[in-house]
Amino acid sequence: MWKTILRRLLIMIPQLFLVSVLVFVLAKAMPGDPFTGKFGPNTDPNEIAALRQAAGLNDPWTVQYARWIGNAFHGDFGQSFQLHQPVARVIGGRLGNTVWLSLLALAGTYLVSITMALVAARHENSRTDRFLLIYNSMIFSLPAYLFYLFGIFVFGYTLGWFPTSGSVSAEASGFFGTLGSRIYHMILPALIVALISTTSTFSYLRSGILDESKQEYVKLARAKGVPENRIFSRHILRNAFLPIASTMGYAITGIFGGMIIAETIFSFPGVGSLFVQSVLSRDYPVVTALVLFNGVLAVLGGLFSDIIMSIVDPRIRIS
């Protein structure tokens with residue numbers, strides 16, 4: 001197992017190299033630059049040209065890439081043009097918020113989707129089953145921002161149950177007071193993300209349970225008098241979970257990178273909202289670092305899925 005993991009990590013090196021080149025080239029292809037917005041009626045063009053020269057933006061892209069990737073190996077992703085701070089510090093200041101929000105949303109997603117799938121599969125063709133099918137079809141077809149706006153309007157403004165922006169209240173003090181305020185601010189966005197991200201897991205698990213229930217080994221176990229609950233928990237459910245396990249690694253890394261819309265609408269200070277702000281301000285060092293980070297997560301997602309599958313199903317081994 002460990003040799004396989006090491007081999008996969010070595011294979012990731014050329015993959016990450018190609019990702020870094022694509023990320024850098026696409027960032028440079030964006031129109032304008034960080035200093036475009038500094039032009040004014042009385043701005044001296046020579047001053048802007050000097051800023052571009054000092055930032056190295058006039059160098060060939062190959063030279064800029066070599067300088068950037070060389071510094072990145074030492075943990076230096078450059079200086080933010082807009083915030084005038086090291087990129088690693090800028091991202092690090094927001095990374096924790098996104099990590100905890102993503103973990104909370106992911107846990108809620110699996111809790112809600114697995115519960116719905118179990119209920120729907122055990123009551124096939126019932127009203128509950130049809131309602132859950134319609135619900136998952138609806139949330140799959142409608143854009144996510146509609147649910148975010150609806151949640152803010154109902155639970156934030158109308159009922160006033162949850163805050164609609166920020167990550168901690170200004171009045172919070174002390175460790176437990178700050179921690180409670182942070183969790184309180186994450187409940188609404190995490191809950192909405194969980195409720196609208198159930199379609200894939202729900203569909204796979206429900207279909208898997210229904211398919212496994214019709215297999216010959218299940219009929220044989222019933223004929224032998226094995227209790228129904230034991231058949232369901234130790235045979236049907238375990239095999240039905242395999243498709244979910246195969247995509248769990250991608251789900252863990254994917255939901256982390258999918259917080260852009262939620263963080264932007266909720267004004268949550270995470271890396272998702274930072275990415276949007278950096279793109280709008282043409283802050284290349286921050287944009288390239290964030291996209292590269294998400295590229296690394298996507299590559300690691302495949303490795304995590306293989307490892308999870310080998311743990312869940314002993315018959316499967318990574319070769």
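The values are calculated or read from the model by the stated rules, or taken from the named source; none is laboratory data. Because the structure is predicted, anything quoted here is derived from the model rather than measured. Neighbour counts run over all protein chains shown; Cβ positions are idealised from the backbone, glycine included. Ligands, DNA and RNA are stripped out before the accessible areas are found, and what is left, the full protein with its side chains, is counted by its heavy atoms. Shrake-Rupley method; radii C 1.70, N 1.55, O 1.52, S 1.80 Å.
Looking only at the range 173-189, filter to residues that are within 20 Å of L159 (Cβ to Cβ) and in contact with a Phe, Trp or Tyr (Cβ under 9 Å, 6 or more places away or on another chain); which one of those is surrounded by the fewest Cβ atoms within 10 Å (Cβ to Cβ)? My answer is I183. The residues listed here are L237, L205, L220; of these, the one that is at pLDDT 75 or above, in a helix (DSSP H, G or I) and surrounded by fewer than 16 Cβ atoms within 10 Å (Cβ to Cβ) is L220. In the set (1) on the phi < 0 side of the Ramachandran plot; (2) not in a helix (DSSP H, G or I), T109 fails one condition alone, (2). Is the range 103-123 home to any residue that is open to solvent by less than 50 Å² (accessible area, probe 1.4 Å) and closer than 18 Å to G272 by Cα? Yes, there is a match, as at least one residue in the range 103-123 is open to solvent by less than 50 Å² (accessible area, probe 1.4 Å) and closer than 18 Å to G272 by Cα. Evaluate the following for I231: is it open to solvent by less than 30 Å² (accessible area, probe 1.4 Å), assigned to a helix (DSSP H, G or I), in contact with a helix residue (DSSP H, G or I) (Cβ under 8 Å, 6 or more places away or on another chain) and free of Cβ contacts under 8 Å to residues at least 60 places away in the same chain? The answer is yes for I231. Residues of the range 160-182 that are of a type outside the set (A, V, I, L, M) and in a loop (DSSP other than H, G, I, E, B): G160, W161, F162, P163, T164, S165, G166, S167, S169, E171, S173, G174.
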